[in-house]
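The values are calculated or read from the model by the stated rules, or taken from the named source; none is laboratory data. These numbers were taken from a predicted model, which means no experiment stands behind them. Quick reminder, even Gly has a Cβ in these numbers, built from the backbone with ideal geometry, and neighbours come from all protein chains shown. Each accessible area value is taken on the protein alone, full model and side chains, heavy atoms only, with ligands, DNA and RNA left out. Shrake-Rupley method; radii C 1.70, N 1.55, O 1.52, S 1.80 Å.
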Amino acid sequence: MHNATIKSLAADLAARKFSSVELTRHLLSRIRALNPKYNCFITVDDAASLKQAQAADDLRAAGRAGPLTGIPIAQKDIFCAKGWLTTCGSKMLSSFISPYDAHVVEQLNGAGAVNIGKTNMDEFAMGSSSETSFYGPVRNPWNADNVPGGSSGGSAAAVVARLAPGAIGTDTGGSIRQPAALSGICGLKPTYGVVSRYGMIAFASSLDQGGPMARTAEDLAIMMNVMAGFDARDSTSLERAREDYTGEIGKAVKGLKIGLPKEFFAEGAEAGVTGAVAAAISAYRKLGCETVEVSLPSMKLAVPVYYVLAPAEASSNLARYDGVRYGHRAQDYADLTDMYKLTRAQGFGQEVKRRILIGTYVLSHGYYDAYYIQAQKVRRLVARDFAEAFRRCDVIMGPTSPTTAFRLGEKVDDPVKMYLNDIYTIPANLAGLPGMSVPCGFDGSGLPVGLQIVGNYFAEAKMLGIAHQYQQATDWHLRVPPGCEG
Amino acid sequence: MKWEVVIGLETHAQLSTKSKMFSGASTAFGAAPNTQACAVDIALPGVLPVANKAAVECAIRFGLAVGGADGLSRRSVFARKNYFYPDLPKGYQISQYELPIVKSGEIPIVSPTRGEIKIRLTRAHLEEDAGKSLHEGFHDFTGIDLNRAGTPLLEIVSEPDMCSADEAVSYARALHALVRWIDICDGNMQEGSFRCDANVSVRRPGEPLGTRREIKNLNSFRFLQQAIEFEAKWQIETLESGGKIEQATVLFDPDTGETRAMRSKEDAHDYRYFPDPDLLPLVISEEWIAKIAESVVAVGTPQVRKNEYIGSYGLSSQDAWQLVKSRETADYFDKVMARLGKHEAKLCANWMNGELASVLNRDSLDITQSRVSSAQLADLLARVRDGTLSNKMAKEVFDAVWAGEGDPDAIIEKRGLKQISDSGELEKFCDQVIAANAKQVEDYRAGKDKAFNSLVGQAMKLSKGKANPQQVSEILKRKLAS
């Protein structure tokens with residue numbers, strides 16, 4: 001059961017081969033066995049999950065089941081889920097039980113999906129390794145000494161370890177795609193505004209976007225059909241006609257023009273990564289695709305620009321964690337200012353503090369124009385580069401991450417090195433474009449490599465179709481990490 | 001040497017919307033603490049703001065009323081003002097900074113020293129209110145009530161165009177009348193729906209602006225007056241005794257009538273304003289503006305109505321200003337005019353701005369609570385016009401109507417208050433007076449006008465006050481001339 005895709009599980013549930021309660025029990029027992037090793041989950045609540053599974057079975061019995069009914073989906077602990085501890089990987093929210101559901105959670109619940117648990121993550125989604133969590137680091141199922149990527153590392157590791165067929169994550173600078181690549185699964189960051197941010201704990205509002213993580217592109221499409229959609233409670237949510245994200249699954253890719261940005265292939269990526277990506281592109285050529293070199297000249301500025309804008313927004317977004325109304329509050333304090341200082345000093349970890357400080361600095365009087373305004377201008381240049389590139393190609397491809405999964409502790413003390421791991425993923429966030437990662441091989445150490453596909457605005461269905469064709473021709477996504485076969 | 005006082009006002013008008021600026025929670029005043037604060041208002045993790053369309057409409061109405069469509073930004077931007085305070089749940093206030101919704105306008109006022117002048121508006125922008133910190137009734141800690149958090153406000157900023165506390169109060173009153181007139185704010189100052197911050201500085205004539213101090217949160221016209229007067233005097237005295245004014249935020253203490261510094265420039269916040277990424281720029285279409293403009297034209301503005309009264313009724317500027325102090329007052333006046341005829345505008349203005357205003361003030365009522373209806377006042381004035389009542393008698397009837405004794409005609413009938421206009425009867429009174437007051441008659445004929453008034457008074461006395469005084473004086477003049 002645990003190796004099956006969402007699509008085949010749905011078929012089996014429909015054929016009454018097993019019930020959602022049985023499926024959920026099975027995965028809960030796997031989580032019980034494997035979570036101590038990988039630390040994918042912060043919260044598992046058997047009773048709550050099984051109650052949802054039973055409700056899903058009832059829904060099916062009543063003849064009202066949909067494609068996700070009864071399917072266990074892991075939820076990154078950044079999504080507010082009513083009655084569930086929702087920590088965002090932080091001590092600050094280590095006692096916060098959400099009184100409401102995020103829009104995405106509502107959509108999943110409405111479709112009858114089962115919340116199989118809340119997954120571990122970098123604190124407030126700030127990190128690329130899932131090491132900054134208050135709940136300890138997540139370990140990569142391919143090699144437990146290595147990180148699974150981040151910040152949605154718990155979701156990625158859970159999916160590749162076959163603890164859940166799918167998971168939801170969020171991507172601000174690569175937080176879905178990079179862990180998908182480093183863990184060997186698929187992940188999609190939709191066009192900004194396609195998935196509502198309501199109830200998704202904010203890191204950097206203008207960049208944050210929720211999306212699906214699963215082992216196949218087709219499963220991502222099935223999840224997107226439930227997750228996407230207009231939500232009036234998010235002013236940046238886009239009002240568009242409902243779209244069938246599975247619409248281009250099975251469509252041939254012959255004649256497709258793939259743009260290869262020279263900046264993605266210039267230098268910096270490990271040989272194991274460039275080799276696997278080059279092979280994937282050859283595979284597409286064999287499927288009848290053309291390739292064309294394109295250029296994203298502003299890309300070299302993407303990381304610095306991101307590390308101005310994201311911390312600026314974060315410094316303000318995280319101001320609400322002040323110990324006054326909910327969450328952690330320091331025990332002993334002299335006065336109000338002292339209470340704020342101690343609460344935030346105790347409640348936030350190093351990386352979060354670093355980014356709050358950077359963000360506060362760049363928004364300060366006298367620095368705002370030089371940093372924030374300048375960064376916004378460059379952000380527009382990055383978007384313009386993509387627009388220019390998309391005049392010459394249908395999609396852009398390249399590596400998702402310059403490295404495969406690195407060792408725990410290897411970069412955690414060197415923020416710049418850590419930040420550069422997102423060099424290929426950040427541009428899509430800055431431009432608001434959809435991007436995804438698909439497993440495309442392994443390096444010499446047996447660690448997975450991800451192929452990144454970036455499409456034009458609202459090209460998700462097309463991208464998923466393109467990735468699906470590749471997965472039909474390859475079996476990378478079928479490989480199971482040792483010890484997870486069950 | 002003389003000093004010039006320079007004043008600019010920042011006014012917060014709470015917009016009369018049902019729900020909050022960025023959430024669906026109710027704005028009703030006076031509910032139990034924290035019962036009107038939803039997930040968005042208490043800033044739970046993950047919640048997002050959505051701008052209230054009704055509040056935006058209020059701002060557009062205001063912009064149209066003070067400056068027309070040209071003063072409205074077609075695109076304005078919500079920004080975050082970042083600071084920590086326990087009653088500010090998000091750690092930032094959503095406001096507008098670089099691009100406000102209203103970018104210009106003016107408020108005409110009557111200055112006691114400079115006559116009719118226009119106070120220019122720098123801007124008006126939308127923002128949300130904070131909650132309240134409650135220090136009373138708690139031992140050793142502070143209570144936080146977030147009911148007010150997120151309430152929509154329009155902050156209206158004037159240029160430093162006022163030069164006395166009187167002018168500042170005139171401006172505040174005119175603004176207060178306007179926001180109530182166009183139905184965007186209930187103007188309730190006790191509940192904090194309309195409150196002013198005053199920026200005050202002094203300088204020698206011709207010199208550049210002096211350093212200003214900002215007096216915060218003045219919630220009555222009287223406090224505004226007192227605070228500015230005290231502050232200006234304090235600044236002048238400080239400078240004259242060789243001191244320097246430091247930029248500061250000050251509070252006014254109504255008990256002592258003094259202002260005192262709350263924080264200096266050194267500990268001023270760096271608010272780190274930046275555009276709120278959770279909200280799209282606020283774009284307003286020409287169609288929307290045109291639609292709202294129709295309703296603004298329908299209710300008019302005090303300025304428009306005042307000009308009408310001067311133009312078509314020939315009222316003085318001062319009379320007209322008083323009649324437009326609220327839309328209800330102007331509507332009352334219009335109703336009296338409709339019943340009585342426009343030729344009696346001056347008579348009606350005198351009565352409304354005099355007798356009626358004074359009893360309303362005495363009984364702390366507003367015009368909608370007047371115990372003399374517009375129809376009753378019109379009927380009463382009709383009896384003055386046709387000579388049935390003298391002014392003095394009319395006041396008596398007015399008081400009786402106010403006391404609930406019935407309509408004017410019924411009261412006139414019941415009290416036998418009809419003025420004597422029968423010239424035969426009046427001639428008799430006059431003859432008697434002339435015969436009995438030879439000395440005064442002589443004085444009058446010798447050119448002493450005062451003597452004449454005494455004769456009229458005698459005749460009125462004889463008639464027990466019912467004689468038409470105008471007729472009496474005409475008859476007397478005629479008789480004494482012969």
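When A:E218 is tested against (1) more than 14 Å from chain B (Cβ to nearest Cβ); (2) open to solvent by 10 Å² or more (accessible area, probe 1.4 Å); (3) under 22 Å from A:G117 (Cβ atoms), only condition (3) is not met. Scanning segment B:14-31 for residues that are at pLDDT below 95 and among the hydrophobic types (A, V, I, L, M, F, W, C) yields B:A28, B:F29, B:A31.
Any chance segment B:244-257 includes a residue that's under 24 Å from the mean Cα position of the chain (by Cα) and touching a residue at least 60 places away in the same chain (Cβ under 8 Å)? Checked segment B:244-257: no residue is under 24 Å from the mean Cα position of the chain (by Cα) and touching a residue at least 60 places away in the same chain (Cβ under 8 Å). In segment B:28-51 there is no residue that is under 25 Å from B:L121 (Cβ atoms) and more than 14 Å from chain A (Cβ to nearest Cβ).
The residues of segment B:39-57 that are of a type in the set (A, V, I, L, M, F, W, C) and either open to solvent by 10 Å² or more (accessible area, probe 1.4 Å) or assigned to a loop (DSSP other than H, G, I, E, B) (or both), listed by number, are B:A39, B:V40, B:I42, B:A43, B:L44, B:V47, B:L48, B:V50, B:A51, B:A54. Just one of B:S374, B:S370 is buried (at least 16 other Cβ atoms within 10 Å of the Cβ), outside the structural domain of B:A177 (by TED's automatic domain parsing) and touching a residue at least 40 places away in the same chain (Cβ under 8 Å); which is it? None of the others qualify; the one that does is B:S374. From the list A:L433, A:L420, A:L408, the lone residue that is open to solvent by 20 Å² or more (accessible area, probe 1.4 Å) and closer than 18 Å to A:D171 by Cα is A:L420.
Entry remark, segment A:142-151: residues being surrounded by fewer than 24 Cβ atoms within 10 Å (Cβ to Cβ) and in a loop (DSSP other than H, G, I, E, B) number 2 in total. Checked against (1) more than 29 Å from A:V294 (Cα to Cα); (2) crowded, with 22+ Cβ neighbours inside 10 Å; (3) away from chain B (no Cβ under 14 Å), A:R240 meets all criteria but (2).
Of all residues in segment A:83-141, those satisfying the criterion of being crowded, with 24+ Cβ neighbours inside 10 Å and in a helix (DSSP H, G or I) are A:M92, A:L93, A:H103, A:V104, A:V105, A:L108, A:E123, A:F124, A:A125. Within segment B:53-75, if we keep just the residues that are touching a helix residue (DSSP H, G or I) at 6+ places or on another chain (Cβ under 9 Å) and not hydrophobic (A, V, I, L, M, F, W, C), the residue that is farthest from the other protein chains (Cβ to nearest Cβ) turns out to be B:G68. Residues that are open to solvent by less than 20 Å² (accessible area, probe 1.4 Å), closer than 19 Å to B:A227 by Cβ and either charged (D, E, K, R) or more than 10 Å from the chain's Cα centre (by Cα) (or both) within segment B:172-192 comprise just one, B:G192. Within segment A:246-257, the presence of at least one residue that is under 20 Å from the mean Cα position of the chain (by Cα) and at pLDDT 95 or above is confirmed. Those helices (runs of 4 or more DSSP H) of segment B:283-359 in which 2 or more residues are open to solvent by 20 Å² or more (accessible area, probe 1.4 Å) and touching a Ser or Thr at 6+ places or on another chain (Cβ under 9 Å) occupy B:327-340. Scan B:E106, B:E167, B:E159, B:E128 and give me the residue that is under 26 Å from A:D322 (Cα atoms) and either at pLDDT 95 or above or surrounded by fewer than 19 Cβ atoms within 10 Å (Cβ to Cβ) (or both). Residue meeting the stated conditions: B:E128. Restricting segment B:4-27 to residues that are out of contact with any helix residue (DSSP H, G or I) (no Cβ under 8 Å at 6 or more places or on another chain) and of a type in the set (D, E, K, R), the residue that is nearest to the other protein chains (Cβ to nearest Cβ) is B:K20. When each of B:I94, B:I117 is tested for being within 14 Å of chain A (Cβ to nearest Cβ) and in a strand (DSSP E or B), the lone residue that passes is B:I94. Of A:A370, A:A312, A:A405, all but one fail to be within 14 Å of another protein chain (Cβ to nearest Cβ) and touching a strand residue (DSSP E or B) at 6+ places or on another chain (Cβ under 9 Å); the exception is A:A312.
Candidates are the residues of segment B:262-293 that are acidic (D, E) and at pLDDT 95 or above; the one that is farthest from B:G68 (Cα to Cα) is B:D278.
B:T259 falls short on exactly one of the conditions (1) modelled with pLDDT of 95 or more; (2) closer than 16 Å to B:V5 by Cβ; (3) surrounded by 17 or more Cβ atoms within 10 Å (Cβ to Cβ), and that condition is (1).
To keep it simple, each residue is scored yes or no on (1) within 26 Å of the chain's Cα centre (by Cα); (2) open to solvent by 30 Å² or more (accessible area, probe 1.4 Å).
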site	(1), (2)
B:K2	no, yes
B:V6	yes, no
B:E10	yes, yes
B:F22	no, no
B:A25	no, no
B:F29	yes, yes
B:N34	no, yes
B:A37	no, no
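Do we find that B:Y85 is within 14 Å of another protein chain (Cβ to nearest Cβ), among the hydroxyl-bearing types (S, T, Y) and buried (at least 23 other Cβ atoms within 10 Å of the Cβ) in this structure? Taking the combined requirement at face value, the residue does not satisfy it. Taken over segment B:131-156, the criterion of being open to solvent by 30 Å² or more (accessible area, probe 1.4 Å) and either closer than 28 Å to B:G71 by Cβ or assigned to a loop (DSSP other than H, G, I, E, B) (or both) is satisfied by B:H135, B:E136, B:G137, B:F138, B:H139, B:D140, B:F141, B:T142, B:R148.
Restricting to segment A:221-237, name every residue that is within 14 Å of another protein chain (Cβ to nearest Cβ) and open to solvent by 20 Å² or more (accessible area, probe 1.4 Å). Listed by number, the residues that qualify are A:F230, A:A232, A:R233, A:S235. Would you point out which residue out of A:I396, A:I373 is closer than 29 Å to A:S130 by Cα and over 17 Å from the mean Cα position of the chain (by Cα)? Sole residue among the options that is closer than 29 Å to A:S130 by Cα and over 17 Å from the mean Cα position of the chain (by Cα): A:I396.
Residues in segment A:315-354 that are of a type in the set (A, V, I, L, M, F, W, C) and either surrounded by 18 or more Cβ atoms within 10 Å (Cβ to Cβ) or more than 10 Å from chain B (Cβ to nearest Cβ) (or both): A:L318, A:A319, A:V324, A:A330, A:A334, A:M339, A:L342, A:A345, A:F348, A:V352.
Conditions tested, residue by residue: (1) at pLDDT 85 or above; (2) assigned to a helix (DSSP H, G or I).
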| residue | (1), (2) |
| --- | --- |
| B:K418 | no, no |
| B:G424 | no, yes |
| B:E427 | yes, yes |
| B:V433 | yes, yes |
| B:V441 | yes, yes |
| B:G447 | no, no |
| B:F452 | yes, yes |
| B:L455 | yes, yes |
| B:L476 | yes, yes |
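Residue selection: A:E22 fails the criterion of being within 24 Å of the chain's Cα centre (by Cα) and open to solvent by 60 Å² or more (accessible area, probe 1.4 Å).
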